[in-house]
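**Student:** To start, I am sharing the structure in question, which I have written as structure tokens.
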Amino acid sequence: MNPENYIGLWDEIADDYDAKMGDDGNSFHRELIRPATLRLLNPQPNERILDAACGNGIFTCYMAAMEVEVVAFDYSSKWLHMRKNIARLLLIMCQFRWQTQLSMISF
């Protein structure tokens, strides 16, 4: 299957997945994934982190709330737009990029 075909599949499940994860992630994410990733990254304020394959962006927003400069990308533009709107409402500063916009990111 052509990788481009997967983009539509991720967009199709975006609403259901986002509803199941909620605004703060499910218990698996909160109790296992988030703590392990935070220990690994040890993100510091004003540090720049690239969140590759960010999915619905819950962890992106979590790090951005810690004053980490986060640039996130994913195949699903629908997920990115959903989380980008939530980030704006929460006044969290982070950049969400769709996979075709990666050439605009510099580190």
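**Student:** When both residues are 6+ apart or on different chains and their Cβ atoms are under 7 Å apart, which pairs have a first residue that lies in the range 29-57 and is farther than 29 Å from Tyr6 by Cα and without any contact (Cβ under 8 Å) to a residue 40 or more places away in the chain, and a second that is of a type in the set (D, E, K, R) and part of a strand (DSSP E or B)?
**Tutor:** What qualifies is Asn46/Glu69; Glu47/Glu69.
**Student:** Considering only the range 10-39, how many residues are under 14 Å from Met82 (Cα atoms) and aliphatic (A, V, I, L, M)?
**Tutor:** The qualifying residues number 4.
**Student:** Turning to a different aspect of this structure: Between Ala19, Ala14, which is surrounded by fewer than 14 Cβ atoms within 10 Å (Cβ to Cβ), outside any strand (DSSP E or B) and either of a type outside the set (Asp, Glu) or over 15 Å from the mean Cα position of the chain (by Cα) (or both)?
**Tutor:** None of the other options fit; the residue is Ala19.
**Student:** Filter the range 22-36 down to the residues that are of a type in the set (D, E, K, R) and in a helix (DSSP H, G or I), then identify the one that is surrounded by the most Cβ atoms within 10 Å (Cβ to Cβ).
**Tutor:** Once the filter is applied, the top-ranked residue is Arg34.
Just so you know, all these numbers are worked out from the coordinates, no wet-lab data involved. Keep in mind that what you see is a predicted model, and the values were worked out from it rather than measured. We place every Cβ from the backbone using ideal geometry, glycine too, and count neighbours over all the protein chains shown.
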